[in-house]
1. Looking only at the stretch 257-314, which residues are charged (D, E, K, R), open to solvent by 10 Å² or more (accessible area, probe 1.4 Å), in a helix (DSSP H, G or I) and modelled with pLDDT under 95?
2. Collect the residues in the stretch 94-143 that are open to solvent by less than 40 Å² (accessible area, probe 1.4 Å) and assigned to a helix (DSSP H, G or I), keeping them in residue-number order.
3. Being assigned to a helix (DSSP H, G or I) and either surrounded by 13 or more Cβ atoms within 10 Å (Cβ to Cβ) or modelled with pLDDT under 75 (or both): is that true of Ala231 here?
4. Determine whether the stretch 183-191 contains at least one residue that is assigned to a helix (DSSP H, G or I), touching a Ser or Thr at 6+ places or on another chain (Cβ under 6 Å) and modelled with pLDDT of 85 or more.
5. Among the numbered conditions (1) touching a strand residue (DSSP E or B) at 6+ places or on another chain (Cβ under 8 Å); (2) over 16 Å from Leu18 (Cα atoms), tell me where Ser72 comes up short.
6. Glu341: within 21 Å of Leu172 (Cα to Cα), open to solvent by 30 Å² or more (accessible area, probe 1.4 Å) and either touching a strand residue (DSSP E or B) at 6+ places or on another chain (Cβ under 9 Å) or modelled with pLDDT under 90 (or both), yes or no?
7. Return the residue satisfying two criteria in turn: it lies in the stretch 258-276 and is charged (D, E, K, R) and touching a helix residue (DSSP H, G or I) at 6+ places or on another chain (Cβ under 9 Å), and of such residues it is farthest from Ala209 (Cα to Cα).
8. So the check is Cβ under 8 Å with 6+ separation or different chains; which pairs have a first residue in the stretch 339-355 that's more than 15 Å from Arg202 (Cβ to Cβ) and a second one that's in a helix (DSSP H, G or I)?
Amino acid sequence: MPAPIDFSMSESSTKPRLLIVDDEPEVRGVLRDLLSGAYQCGEAASAEEALRQLRACEFQLVISDITMSGMSGLEMIPHVKVASPDTVIVMISGMQTIESAINALRLGAFDYLMKPFDLRQAEAAVERALHHHELIVAKRHYENHLEDLVTQRTAELDEALGSLENAYRSTLQALTAALEARDAETHGHSERVVTFSLRLGREYGLTSAEMKALEFGSLLHDIGKIGVPDAILRKPAKLTEEEWERMREHPLHGQQILRGIKFLTGAARVVAQHHEKWDGSGYPLGLKGEDIDICARIFSVADAFDAITSDRVYRQGRSFEVALAELDEWAGRQFDAKIVEAFHRVPPEDWEELRRRSLMRKPQDTEWKSITAGIEPATAHVS
């Protein structure tokens, strides 16, 4: 068995490395003498030895006999592809059959030579194989570069989209703050109900896209009130039936306002449906059960919880226990019972912490990421 050639002294050489595999020393010698001037040539007397050398050293080309004792050249091909994927294989055989050539090419060999082979033909085959190797390496480098470039551009795009989304969020928050200024009684309500909705949405298991729709829908749920006259919106006395009819139009007003804004498509459903009820008794469309958007169903529970526990001019906010009892009472009628179950799974201290942090916010603050940190992944009384 020939000893593996030590290439360590020629690492600086630019000569391609060839591994000649044949159990006949005479064949290896002929090929070595033919090719060693232009190439660095290693030798192996068996497929097993060739694979050991391939794992230890890089070769651009393997020239191998097909019929050898032990593992055959054909059997070796798949192992070469695993050990050194870029290495090109040229097979040599004395079997004068087209089937052996086809089998070699099918298994991944690049070229095929018949014994006895013409030396010029062998040289030409080696040159073609090494040119093919150069193309393989160039293609892999290009693909790696392209992959790195795509990763870089994707990161830059994600950053740009994130900045744009934050700008949208700030703009929408400012709009919501302006709307709430018309109704001092519900000041801060939108901010609180966003955090409550997101916590409940995470508990329920919403997707990332659904969480985003829930966030913006919760923030903008009352945007349709921009079309409600102040005389009705700020009326200190009980509304007349006609005034209530005008008030109940605000979900559809909100949907119309958001229509055509693609990134708010999911949010628009929350805006349009946040007063629908599980039993179909809600407004404006009287939707029932799972016909109501899941984000709107989650929002309605969070909205009711905030309304029950918040102070109003005519009463003080009530306790968590009272709110929970009221949600249970209306589960299956006003609320989706599965969402009320999810509400139960959230520890009471989570709700208290979210409320406490929302009350610490200053009116001029427009960034609520500190409040919703950790929320995103994964009626009773309403305002």
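The values are calculated or read from the model by the stated rules, or taken from the named source; none is laboratory data. What you see is a predicted model; the values in this text were computed from it and never measured. Cβ: placed from backbone, ideal geometry, glycine included. Neighbour counts: every protein chain shown. What goes into the accessible areas is simple: the full protein's heavy atoms, side chains included, and nothing from ligands, DNA or RNA. Shrake-Rupley method; radii C 1.70, N 1.55, O 1.52, S 1.80 Å.
1. Lys262
2. Ser100, Ala101, Ala104, Ala122, Ala124, Ala125, Val126, Ala129, Leu130, His133, Val137
3. no
4. Within the stretch 183-191 (the criterion being assigned to a helix (DSSP H, G or I), touching a Ser or Thr at 6+ places or on another chain (Cβ under 6 Å) and modelled with pLDDT of 85 or more), the answer is no, since none of the residues qualifies.
5. Of the numbered conditions (1) touching a strand residue (DSSP E or B) at 6+ places or on another chain (Cβ under 8 Å); (2) over 16 Å from Leu18 (Cα atoms), the odd one out for Ser72 is (1).
6. no
7. Checked the stretch 258-276; the qualifying residue farthest from Ala209 (Cα to Cα) is Glu276.
8. What qualifies is Val340/Val301; Val340/Leu327; Val340/Asp328; Pro348/Phe320; Glu352/Phe320; Arg355/Arg192; Arg355/Thr309.
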